[in-house]
Amino acid sequence: DQYLDQLARAPGLTVTSPQWWTLDSDGHLVGETDPDFVVRAHELGLEVWPYITNGFEPARTRRALADDRQRSLLAAQLSGHAQLAGVDGVNVDFEAFSWVDRNHFTAFVAELTTFVHAWDGVVSVDVPARTDDTVPASLINTSRYDLRALAEASDYLALMAYDEYNRYRPSGPTASQQWTEDSLHWLMRYSDPHQVLLGVRYYSRFWDPEDLGRPTTARIGTVVDLAESNPRTFDPAFGIDRVDLEDGRYLWAEDYENLATRIEFARQSGVAGTAAWRLGFDTPEVWEIVEASLPWGEPLPSRPSLP
């Protein structure tokens, strides 16, 4: 009920994606569906695309995907459970799996899409951000995804354009504008704009100079409050203000104005829409910005020319 109450207070939202499934230690599908939730979400005018996660577990992912029979069974079971629940699509959020399972993952998405299309559902796949100057550690992560093949095998690619800086790469904003633009341009080399959902974040991070490896999350409402009550200085490296707190911690002012700029960039880029992380980090002001961006308009007809 709390989740549905949150959805009811989110004007401009068109799709919700609750986590329903994951993999057990043997790579088998586990989780529960919620047909009643689907009915009530539909009454709110929302589509439901529940997501499956691999739990960031490489070994479980290998057991689920490397064997052809088990992979096909996983795709069939996932599609079947989704169809019986009455949902509109399935989102696949597999991360941190081994690069040797790159082709297995693509094959799984292709099989799942075939099953889901049989009942007129859609399949979206979460993919990480990459740019021309992506750091070596991130290159290992992004090489797991055959972007062109995944674009051909699914309906949408949801670009996780956040976590530019994190505990593995401290410290900086969650998603600077230039990094976001570069990440989208990279993805558009492999996928047409009308197939892309640009990820936007409803959070920033607190950075403690004494412990940069353990940043904490600041929801967008908290970011706005702190940016209004503490010194902020424009950071030319990222094109965004840095906010310094009395206790020595700092964060970047990824606030409502910044969010509005991000959504307008998505509109101008001709992508299919945005995909936000996450419900619960939002405020009423967030949805005022989202609702003001509608109607979205027609996507660009073809991939732009990029270097």
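The values are calculated or read from the model by the stated rules, or taken from the named source; none is laboratory data. Please read all numbers here as calculations on a predicted model, not as lab measurements. No Cβ is skipped: glycine too gets one built from the backbone with ideal geometry, and neighbour counts run over all protein chains shown. Side chains included, ligands, DNA and RNA excluded: accessible areas come from the protein's heavy atoms. Shrake-Rupley method; radii C 1.70, N 1.55, O 1.52, S 1.80 Å.
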Note to self: Could you go through the range 167-177 and let me know if any residue there is closer than 30 Å to Leu78 by Cα, open to solvent by 40 Å² or more (accessible area, probe 1.4 Å) and at pLDDT 95 or above.
What the structure shows: no
Check: Only one residue in Leu23, Leu7, Leu78, Leu29 is touching a His at 6+ places or on another chain (Cβ under 8 Å) and open to solvent by less than 40 Å² (accessible area, probe 1.4 Å). Which one?
Finding: Leu29
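Yes/no matrix, rows are residues, columns are (1) assigned to a helix (DSSP H, G or I); (2) in contact (Cβ under 8 Å) with a residue 60 or more places away in the chain; (3) farther than 26 Å from Leu4 by Cβ:
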| residue | (1), (2), (3) |
| --- | --- |
| Leu197 | no, yes, no |
| Thr222 | yes, no, no |
| Glu228 | yes, no, yes |
| Leu251 | no, no, yes |
Next item on the list: Within the range 21-74, track down each residue that is closer than 19 Å to Ala96 by Cβ and among the charged types (D, E, K, R).
Entry: Asp24, Asp26, Glu57, Arg60, Arg62, Arg63, Arg71
Check: Hey, among Tyr203, Tyr162, which residue is touching a residue at least 60 places away in the same chain (Cβ under 8 Å), open to solvent by 20 Å² or more (accessible area, probe 1.4 Å), closer than 28 Å to Phe281 by Cα and of a type in the set (Ser, Thr, Tyr)?
Finding: Tyr162
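For every residue, the table says whether it meets (1) modelled with pLDDT of 95 or more; (2) of a type in the set (S, T, N, Q); (3) part of a strand (DSSP E or B).
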| position | (1), (2), (3) |
| --- | --- |
| Trp20 | yes, no, yes |
| Ser25 | yes, yes, no |
| Val30 | yes, no, yes |
| Thr33 | yes, yes, no |
| Asp36 | yes, no, no |
| Ala41 | yes, no, no |
| Gly45 | yes, no, no |
| Phe56 | yes, no, no |
| Arg60 | yes, no, no |
Next item on the list: Restrict the check to the range 13-30 and report whether at least one residue is under 20 Å from Leu279 (Cα atoms) and aliphatic (A, V, I, L, M).
Entry: yes
Next item on the list: Report, by residue number, each residue of the range 132-177 that is out of contact with any Lys or Arg (no Cβ under 6 Å at 6 or more places or on another chain), among the polar types (S, T, N, Q) and farther than 19 Å from Ile240 by Cβ.
Entry: Thr134, Ser138, Asn141, Ser143, Ser154
Note to self: For the range 108-148, which positions are part of a helix (DSSP H, G or I), under 28 Å from Asp182 (Cβ atoms), at pLDDT 95 or above and open to solvent by less than 20 Å² (accessible area, probe 1.4 Å)?
What the structure shows: Val109
Checklist line | Test set (1) in a loop (DSSP other than H, G, I, E, B); (2) of a type in the set (Gly, Ala, Ser); (3) under 22 Å from the mean Cα position of the chain (by Cα) - Ser204 fails condition number | finding: (1)
Checklist line | From Phe105, Phe37, Phe56, Phe115, residue being at positive phi and out of contact with any Pro (no Cβ under 6 Å at 6 or more places or on another chain) | finding: Phe56
Next item on the list: May I ask you to list the residues in the range 219-255 that are under 20 Å from Glu288 (Cα atoms) and open to solvent by 50 Å² or more (accessible area, probe 1.4 Å)?
Entry: Arg219, Thr222, Asp225, Glu228
Next item on the list: Look at Phe105 and say whether it is under 18 Å from the mean Cα position of the chain (by Cα) and in a helix (DSSP H, G or I).
Entry: yes
Check: Across the range 81-107, what is the total count of residues that are open to solvent by 10 Å² or more (accessible area, probe 1.4 Å), out of contact with any Phe, Trp or Tyr (no Cβ under 6 Å at 6 or more places or on another chain) and within 20 Å of Glu57 (Cα to Cα)?
Finding: 8
